[in-house]
Structures are given as C-alpha cells and as structure tokens.
Amino acid sequence: MKNILLPSAIALSLALAFPIHSAHAANTKKASAVASHVAKVEEAPLRAHLALLSSDSFEGRGTGQRGGDLTVQYLESQSMALGLKPANGNSYRQLVKIAGVKALPEQSSVQLVAGDKALAIEFGKDWVWAPGDAKPEHQFDTELVFVGYGISAPEEKWDDYKGQDVKGKILVMMVNDPQPTAEDSKRFGGKALTYYGRWTYKYEEAVRRGAAGVLLIHTDASASYGWSVVQNGGTAEKFQLQGAALGSSIQGWISNQTAQQLFAGAGQDLEKMRAAAERSDFKPVTLAAKLKGTAKADIRTVDQYNVAAVVPGTDPKLKDEVVIYSAHWDHLGKQGTSGDTIYNGAVDNASGTAGLLAMAKAAMQSPAKRSQMFLWVAAEEQGLLGSALYAAQPLWPLDKTAANLNLDSLNFIGETRDISTRGSERTELGAIAEKVAKSMQLSISPSEPDLAGGYFRSDHFSFAKAGVPAFSIGGGKDYIKDPEGAKEKAKAYSKRYHQAADEYDPSWDLSGMVQQAQFTLNLGRAVGDAAKMPAWKAGDPLGKARAK
C-alpha cells in the first residue's frame with residue numbers, strides 16, 4: 001500500500017497542474033507519429049494521472065465503493081478541463097445499474113457431500129461461490145453432474161451434454177476447451193483458447209440448459225492464473241448487470257484438490273474423467289454426490305457509471321462516424337480488514353485509464369476527420385459489465401462506430417521495438433496497424449497462440465460481439481534497454497496481478513507506456529481519416545452482427 005494520501009479535492013484539481021516528475025521523464029523519447037499533424041502523447045500528464053489514480057486516495061477504484069465514485073468524478077472533471085464534449089447529451093456519464101452480490105459463508109450451511117460424507121473444505125481456501133441470480137437465499141439438495149468442458153459447439157461437432165437433461169442439476173466442469181491432438185491439431189483453435197473455454201461461456205450455457213448451478217474446477221494451467229486470483233475475486237463482492245440475463249442459483253469454483261476429494265468420494269477417478277472429457281464421444285456422468293444446505297448472500301443495488309467524452313470530427317460527413325478508445329477504470333478496491341487492504345491496480349488498469357486521458361489531451365490538439373470517443377468503462381473486473389452495457393445501449397450508433405481500440409494494463413517496463421496487435425487480424429484493422437507500426441519504426445509482435453484467451457477477456461470483446469471491429473493493443477516484448485532484465489520484470493508482474501502489490505513505482509520507465517498510447521492514438525487517427533470504415537475478414541463469426 002503506497003502512502004500517497006493526497007486530499008481528494010486537491011487531487012481532482014491539481015493532477016495536471018503539478019505533474020509528478022521522475023528521472024525518466026526528461027529523457028523519455030517521444031514516439032513517432034503517423035504524420036506530422038498527429039499530436040504527441042506526453043509522459044508528464046500520463047504519469048501524473050497514473051500515480052494519482054493508483055494512490056491510496058482512490059482506494060483501489062472498487063466497484064460500488066467510494067474509490068469508484070471518486071474515479072468517476074475525476075474522469076468527468078478532467079474531461080471537462082480538456083475541453084472534451086460530453087457523449088451522453090449534456091452528461092459525460094452513462095448509468096450502469098448493477099446488483100452487488102456478497103456471499104455470506106458464515107451464515108450459510110451449504111456443503112459438498114460425496115458418498116454421504118461432507119467434504120471438510122473451507123470457503124476461500126478450497127472453494128468460492130455466489131448466487132448468479134442476485135437472490136439472497138437458496139436451498140440445495142441437488143445432484144452433481146460432471147459435464148466435461150460443458151461445451152456445445154455444433155461447428156466443432158462437439159457436444160458435452162449429448163442430449164442429457166441437466167435442468168435443476170449442479171454442473172461440475174473444467175475450464176478451458178478441448179486440447180489439440182495429433183489427429184486434429186486445429187480443433188477449438190488449436191492451442192489458442194476460444195470463447196468456449198471462458199468461464200463466462202460456461203455459466204451462460206448452464207443457464208440456457210436450466211441448470212441450478214456451476215462449479216468450475218480450477219488448475220493454474222487451465223485458468224492461466226493461480227488460485228489466489230480466484231480467491232480474491234470469489235471472496236469479494238460480485239456484480240452483475242440489472243435487467244440482463246440472470247445466472248444460475250449458484251456459480252463458483254473449486255480447487256483442484258477439492259475436485260480430487262469430491263470425485264474420489266463419489267467413487268470416480270478425476271484424472272480418468274478428465275481424459276474421457278478430451279474425446280468427442282464423452283457423455284455426462286452423474287456423480288454420487290450432492291450440494292446440500294442453504295447458501296446466503298447479501299444483495300444490494302449499485303449505480304455505477306461509464307464516462308464518455310468526444311473530440312468532434314472535422315469532416316462534414318465523416319464526423320457522424322466515430323472511433324472509440326476504451327479502458328476500464330475499475331479495479332478490486334478495498335478488501336479485508338487487516339494488512340494491506342487496498343488493491344491499488346496501478347498496472348491493471350490505472351495505466352490504461354491514465355493513457356486515455358493523455359491521449360485525449362493530444363487528440364484535442366489535432367482532431368481527426370471522424371469523431372473520436374474516449375470511453376472509460378465500469379466494472380470490467382466483474383465480467384466486462386460496463387462495456388456490455390455500452391454495447392447494448394450505445395451512445396453512438398454501432399453501425400457508425402468504425403472501431404474500438406482498447407487499452408488494458410500498459411507496458412511499465414520500458415520502450416520496445418515491437419507492439420502487440422493480437423486480434424486485429426480478424427478485421428482490416430490488422431493491415432492498418434501494420435502500416436502505423438511501420439511508420440513508427442515498430443514491428444508487429446510475432447503471432448503466438450492465445451493460450452489464456454485474452455481476446456475474450458477485455459472490454460473490446462463486448463464491442464466485437466456487437467459487430468464493431470475491435471481489439472486491445474498490447475505492449476511489446478522486444479525491449480530496447482536491458483532485454484533480459486526487462487523480461488524478468490514483466491514476468492514478475494504475474495505475481496502481482498490482482499494482488500495488493502500492484503502498486504505504482506515512481507522509478508518506472510514510462511517510455512513504453514507512452515509508446516503504446518501513441519501507437520493507439522495513431523492507429524485511431526488512421527482509422528478516423530480513412531475513406532471507409534474497416535470491415536471484418538470474410539468468414540469471421542463475429543462479423544455476422546455487423547453484416548446484419
């Protein structure tokens with residue numbers, strides 16, 4: 001927990017007037033622009049915003065918490081100070097109405113019973129759960145059914161349900177999707193994770209089939225993160241959009257060790273079941289196990305806000321179309337009662353939030369032909385809720401939205417020779433990104449299998465599902481200074497991800513962060529000045545919404 005305790009009123013008014021300096025600020029090389037008329041993203045305001053937004057004053061920018069409210073006020077006031085136009089009539093805010101759900105394990109009696117014996121497991125340490133339908137109490141005496149990966153994908157000729165009626169059952173399933181084989185190296189995207197592998201899809205499919213709930217089996221490899229990430233998210237208050245499709249009665253995760261106990265108690269071998277689930281002929285297995293007892297939760301209604309501001313376009317016709325830059329302003333807020341209770345979220349995602357503010361300052365100096373929207377979305381950490389709400393209730397017509405360029409966790413290590421544009425290849429944005437990179441003497445990072453399913457885990461995906469060409473711009477990996485040391489720093493961040501240790505360090509070299517923001521602005525400017533809006537590549541399933 002960093003001891004940067006600026007009074008909020010001062011913080012809101014002086015963040016730009018008195019930028020925070022570092023030894024790197026004066027020496028940071030500015031990124032090249034596509035053309036001389038594209039303004040430069042400056043490090044000083046970016047660093048000032050980053051340091052402040054990730055300070056203890058903003059309390060981790062938690063959804064439904066005081067820190068989140070302060071963040072919205074800050075973004076609103078900075079948009080006004082920059083001269084950006086409000087995107088929602090006379091307001092910079094877009095209401096995101098959500099339900100807050102906090103499991104109450106101490107008041108609950110719910111337990112896993114296998115072979116008539118209750119498992120000795122602890123909430124948080126061994127499993128986490130919460131209602132997916134925002135109801136305060138549920139009674140269970142419910143059978144458990146193992147459904148493999150829980151996937152139904154006709155185009156892959158894959159159905160883990162095989163017509164079995166799972167209505168009213170608790171589904172136990174693996175995260176990720178079926179792995180490639182020697183006979184079929186391309187199934188489910190090969191080594192890359194598809195949307196079928198995301199926990200969000202699995203919850204959605206369970207609801208479509210009328211299941212009472214879902215318990216996901218965690219492993220570090222299949223989830224791409226450790227149990228501590230699940231624990232921190234699962235024990236904190238959860239959120240869901242009000243009025244959206246409801247989840248099932250209980251949604252949660254069990255540790256791999258808990259899964260082993262459960263299957264063994266039910267007379268099954270977990271590893272044999274996993275192996276069977278890798279084959280397309282797998283059929284659901286009803287376990288000699290149940291979920292029993294009462295699960296209670298605290299439910300509340302919370303008003304959160306997306307913040308949206310516009311730089312109007314200069315072309316009489318093209319100004320009616322828009323390029324949207326987005327970043328989520330939220331993190332995990334304050335949690336717990338002892339130790340470091342503030343999850344500052346400096347990299348994730350004070351960096352992207354600050355990056356957009358610095359980009360907006362530059363964009364005001366040289367507007368594009370199309371309009372440009374700077375969109376800070378709420379509740380990304382809760383399941384892309386703010387961006388999902390925007391896609392459902394857009395402030396600018398989606399058919400006139402040229403692209404969404406998203407920033408989530410910027411490069412705090414240092415300048416690179418490359419830039420990551422993973423996901424851009426699905427649309428004509430890929431070719432435009434290559435030209436912009438070349439103009440900045442950058443290369444596109446080599447294509448690698450998206451093992452963690454990153455394309456489906458950030459706010460651009462809400463736009464992509466709605467048919468808007470979209471992807472997140474990632475930092476490069478070919479570091480210019482101390483390449484090996486830089487790689488170790490980047491690798492070490494995985495231990496701070498979604499932990500209280502994700503804190504701002506004044507010694508950070510932000511040249512890579514500025515570079516990433518500049519590339520994003522340059523790319524948006526190229527799209528904003530182009531003769532036509534970019535299109536999806538033929539055959540991409542996400543392009544169907546745009547075609548309609």
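All of the numbers you see were taken from the coordinates with simple rules; none came from a lab. These numbers come from a predicted model, not from an experiment. FYI the Cβ positions are ideal-geometry reconstructions off the backbone, even for glycines, and counts take in every protein chain you see.
With charges only on Cβ, +1 for K and R and -1 for D and E, what is the dipole size of the chain about its Cα centre, in debye, rounded to 20? Each step should come with its number before you reach the end.
Numbers: 61 positive and 60 negative charges, 223 e Å.
So the dipole magnitude of the chain works out to roughly 1060 debye.
So how many Lys-Lys pairs in region 166-266 land under 29 Å Cα to Cα, not counting same-chain pairs under 8 apart? Provide the component values of the computation, followed by the final result.
Numbers: Lys167/Lys202; Lys167/Lys238; Lys169/Lys202; Lys169/Lys238; Lys186/Lys202; Lys191/Lys202; Lys202/Lys238.
For region 166-266, qualifying lysine pairs total 7.
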Of all DSSP beta bridges having both residues in region 101-299, the percent classed as antiparallel (nearest 5) is 65
Region 400-440 scanned against label point 7 Å out from Tyr225 along Cα→C-beta; backbone N under 11 Å for none
Mean Cβ-within-10 Å packing, highest first, puts peptides 368-378, 146-156, 281-291 in the order 368-378, 146-156, 281-291
Between the Cα axis of helix 351-365 and the main Cα principal axis of the chain, the angle (0 to 90°, nearest 10) is 30
Checking region 81-143 for GluC sites (Glu not before Pro) in a loop per DSSP with at most 13 other beta-carbon atoms within 10 Å yields Glu122
Semi-axes of the chain from the Cα gyration tensor (sqrt of 5 times each eigenvalue, largest first, whole Å) come to 40, 26, 22
Longest principal axis of the chain (C-alpha) makes with the long axis of helix 256-265 (C-alpha) an angle, in degrees to the nearest 10, of 10
Reduced to Cα centres, the span from region 49-70 to region 180-203 in Å works out to 36
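So what's the back-of-envelope 222 nm ellipticity for the chain, counting only DSSP H runs of four-plus at -39500 (n - 2.57) apiece and dividing by all residues, rounded to 500?
Working: 15 runs with 149 residues, N = 548.
The helix-only estimate for the chain comes to -8000 deg cm²/dmol at 222 nm.
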Expressed in nanometres to one decimal, the distance between label points 7 Å along Cα→Cβ at Ser109 and Lys97 is 3.6
PRE zone check, label point 7 Å out along Cα-to-Cβ of Lys85, amide N under 15 Å, scope region 304-331, hits 308-324
Filtering trypsin sites (Lys or Arg not before Pro) in region 75-180 by DSSP loop and by at most 13 other Cβ atoms within 10 Å leaves Lys125, Lys157, Lys162, Lys167
Between Lys532 and Gln139, the FRET efficiency computed from the C-beta separation at R0 = 41 Å comes out, to the nearest 0.05, as 0.10
The Rg/Rh figure for region 109-152, Cα atoms and Kirkwood Rh, to two decimals is 0.98
The Rg/Rh figure for region 101-299, Cα atoms and Kirkwood Rh, to two decimals is 0.95
Helix 483-492 sits off the longest principal axis of the Cα atoms of the chain, rounded to the nearest 10 on a 0 to 90 degree scale, by 50
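For region 101-299, what is the relative contact order in percent, using Cα pairs closer than 8 Å and at least 6 residues apart in sequence? Write down the numbers at each step before the final one.
Numbers: 412 pairs, mean separation 86.0, N = 199.
The value is 43 percent.
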Most packed first (mean Cβ within 10 Å per residue), the peptides 399-405, 499-505, 38-44, 384-390 order as 384-390, 399-405, 38-44, 499-505
Across the alpha-carbon set of region 98-180, Rg over Rh with Rh taken as the Kirkwood radius works out to 1.01
